1. Output yes when any residue across the stretch 108-116 is part of a loop (DSSP other than H, G, I, E, B), in the same structural domain as T71 (by the TED database) and either among the β-branched types (V, I, T) or more than 16 Å from ligand 2 (Cβ to nearest atom) (or both), and no when none is.
2. Only residues in the stretch 278-291 that are free of Cβ contacts under 8 Å to residues at least 12 places away in the same chain count as the first member; pair them with residues that are not charged (D, E, K, R), Cβ under 7 angstrom, at least 6 apart or cross-chain, and list the lot.
3. Restricting to strands (runs of 3 or more DSSP E) lying wholly in the stretch 1-91: which have 1 or more residues that are over 19 Å from the mean Cα position of the chain (by Cα) and over 26 Å from Q155 (Cα atoms)?
4. State whether one or more residues within the stretch 287-295 are on the phi > 0 side of the Ramachandran plot and surrounded by 12 or more Cβ atoms within 10 Å (Cβ to Cβ).
5. If I filter the stretch 252-274 down to residues being surrounded by 11 or more Cβ atoms within 10 Å (Cβ to Cβ) and acidic (D, E), which single residue comes out as nearest to ligand 2 (Cβ to nearest atom)?
6. Would you be able to tell me the number of residues in the stretch 156-214 that are closer than 19 Å to D124 by Cβ and among the basic types (K, R)?
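The values are calculated or read from the model by the stated rules, or taken from the named source; none is laboratory data. From a predicted model like this one, the values you see are computed outputs, not experimental measurements. With ideal geometry, Cβ positions are generated from the backbone for all residues, glycine too; neighbour counts draw on all protein chains shown.
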Amino acid sequence: MVKVYYDQDADLKFLKNKRIAILGFGSQGHAHALNLKDSGLDVIVALRPDSKSAQKAIDAGLKVTTVSQATQDSDIIVFLIPDELQAKIYASEVKPYLKAGKALVFAHGFSIHFNQIVPPADVDVFMVAPKGPGHLVRRQFQEGKGVPCLYAIYQDASGNAFDMALAYAKGIGGTRAGVLKTTFKEETETDLFGEQAVLCGGLTSLIKAGFETLCEAGYQPELAYFEVLHEMKLIVDLIYEGGFGWMRHSISNTAEYGDLTVGPRVIGLEVKENMKKVLNDIQTGTFAKSWILENAAGQPMLNALRREAREHKIEEVGKRIRAMMSWLPKVEY
Ligand code: NDP
Ligand code: MG
Ligand code: MG
């Protein structure tokens, strides 16, 4: 069983008298910066000079400076900027100002595990990764609760990395819910696998295949959209609340019989074999290499695939159907 740490295991004193620089003020950045500040810790936010987020951070009562200045002025440097930018920003704006005894903190292990950032031996390196988006990390904290977190120690130069990681998790509210021990390797590989094979890649491919099957058989695309995409949320919400059992308890017996007998025909052994290959590509660094090269080339494949995905019929139908639903938020991106 995984070991779980709570409030009583953590002590904020390990971060007292230390300044924490939060690089980035996006999803995770705003939540960590504000929660740590509300926990009585010394926080500054680091952004590029022309940053869109800077005004938001200032309005929230935080000090904002550049990444290089924040690195010089702080003891703990937290990488809450997009993963694909971390190595470049580390090399140009963090590394030159790193001194023995400082700490590097991450919310995801990609940069460290795949050696995009190779820290000097005399700094601490640890991870505190909330298992939820930033707005939830912030809202739960304000309600006196927290989002469960993972923590991992990559390098313990000071001998205090564990205590600092737990203190950090406490500062953002994580120990109120529970903090689980992992490693950079495990967190990185399982995170990539989850988003590729199941959550994002697997799910959208499943929905798309279902939509295309119905449309190609002559059914109206609007009906197909309702049946294979719109209703997904209802089912996922039930699974999220109470597992497969609660979902199956809530659907009709016909749906449950179809679920149990037909589901394995759709997602069978072949899909699991594919998943194993996907996991192998993650473990061997094949996926990381292709993503790193893709970024170095200016994301040509990502842009082409995005355009193609935008032009799929399901997106056009979806826009019209969602416009009929007054309760949905207006999204722009
Ligand atoms: P975001 O995409 O929300 O971060 C964007 C922030 O980074 C903005 O404030 C942006 O500022 C800033 N930024 C972008 N480029 C630079 C730059 N060159 N210099 C300084 N600041 C810059 O990131 P996330 O919060 O999604 O992810 C941060 C980390 O947390 C990642 O490691 C991610 O894997 C991890 N994580 C994310 C989760 C999530 O739910 N999103 C969950 C758990 C972990 P600007 O206004 O200038 O663009
Ligand atoms: Mg991820
Ligand atoms: Mg139905």
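1. yes
2. If the second residue must be not charged (D, E, K, R), the pairs left are D281/F287.
3. The qualifying strands (runs of 3 or more DSSP E) are 63-65.
4. no
5. Per the stated criteria, the residue is D259.
6. Count: 3.
Let's see how each residue does on (1) buried (at least 16 other Cβ atoms within 10 Å of the Cβ); (2) more than 26 Å from the chain's Cα centre (by Cα):
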| position | (1), (2) |
| --- | --- |
| V147 | yes, no |
| Q155 | yes, no |
| G174 | yes, no |
| E195 | no, no |
| G201 | no, no |
| L223 | no, yes |
| E227 | no, yes |
| M232 | no, no |
| D237 | no, no |
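Per-residue answers, yes or no, for (1) within 16 Å of ligand 3 (Cβ to nearest atom); (2) of a type in the set (G, A, S); (3) part of a helix (DSSP H, G or I):
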position: S158; (1), (2), (3): no, yes, no
position: Y168; (1), (2), (3): no, no, yes
position: T175; (1), (2), (3): no, no, yes
position: E187; (1), (2), (3): no, no, yes
position: L192; (1), (2), (3): no, no, yes
position: E195; (1), (2), (3): no, no, yes
position: V198; (1), (2), (3): no, no, yes
position: Y219; (1), (2), (3): yes, no, no
position: L229; (1), (2), (3): yes, no, yes
